[in-house]
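Below is one structure; the comments refer to it alone.
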Amino acid sequence: MRLGAHLMRFDSVPAPALRQELLDTADAAEEAGLGWLSVMDHWFQMVRAGFPASDPMLEAYTTLGFLAARTETVQLGALVTGVTYRYPGLLAKTVATLDVLAGGRGTLGIGAAWYGEEHAALGVPFPPLKERFERLEETVQIARQMFDPENDGPFDGAHYQLGETLCSPQPLSKPEIMIGGPGRRRRCASSRSTRTPATSSARPRTSCSTSSTCCTATARTSAATPPRSGSPRSTAARSCSPVTSTGSSRRCAGSPTSASTP
């Protein structure tokens, strides 16, 4: 079991002081021996969590790159990225870059997305749920192919078509892929990242669970996420630790809380 801290609020200090606040938080995480440090991937603060949309929210991967430069041991990732937020090839490239600059500590956390209001506000398409799940499946396939040094060929899916899946430099570790989301367990297909023709229908399967089997309760005590008036000093948030596996299958569990699921 790995214990970690999830940073979801950035309103404790004025914007000019956020840099130092994050540095202090990263130092505290490593000094405490935590194995995981994550941030949300949202453009607006979450209204459904009880906070104004106008509360400060830092862009996830810029923040993770900043944390990577300060830390040496904690695993880093977004908990979790909405599939609609970035084109899959660019997302895989971003995570690979994070992994390289963090010395092999990057994780790809991804979900089907839910925050329609922020999409509408910033002009980002927000397709129906069924399509978002289809896009999630293809995104995982693309990421695994791009993290495979033996496969830089094309990808031809229903929603995404990539002429080449070149990713150089390759990540130092093959980043864990963590799928997050509430609700019942789902099964999805995932590419084995073998070099197959674009027209091939072969899809070895992986099991992706949205149960809470690998979630651990962690106390949100970071100075960067202080309680609001009348709330307890430390509130429990559920944070998911990625689970690695052997063979062609991977079990991943997502947090059942809205605070960590785009």
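Structural remarks
- Residue match in region 61-75 (condition: part of a helix (DSSP H, G or I), free of Cβ contacts under 8 Å to residues at least 60 places away in the same chain, basic (Lys, Arg) and surrounded by fewer than 22 Cβ atoms within 10 Å (Cβ to Cβ)): yes
- Within region 30-50, if we keep just the residues that are free of Cβ contacts under 8 Å to residues at least 60 places away in the same chain and among the hydrophobic types (A, V, I, L, M, F, W, C), the residue that is farthest from residue 2 (Cα to Cα) turns out to be 39.
- Taken over region 76-95, the criterion of being of a type outside the set (A, V, I, L, M), closer than 20 Å to residue 173 by Cβ and part of a strand (DSSP E or B) is satisfied by 77, 81.
- Qualifying residue in region 128-146 (condition: in a loop (DSSP other than H, G, I, E, B) and touching a residue at least 40 places away in the same chain (Cβ under 8 Å)): no
- Some residue of region 175-190 being crowded, with 19+ Cβ neighbours inside 10 Å, in contact with an Asp or Glu (Cβ under 8 Å, 6 or more places away or on another chain), in a loop (DSSP other than H, G, I, E, B) and modelled with pLDDT under 95: yes
- Between 60, 112, the distinction of being of a type outside the set (Phe, Trp, Tyr) and in contact with a His (Cβ under 9 Å, 6 or more places away or on another chain) belongs to 60 only.
The values are calculated or read from the model by the stated rules, or taken from the named source; none is laboratory data. Remember, it's a predicted structure, so these values are computed and weren't measured experimentally. Glycine also receives a Cβ, built like all others from the backbone with ideal geometry; neighbour counts cover every protein chain displayed.
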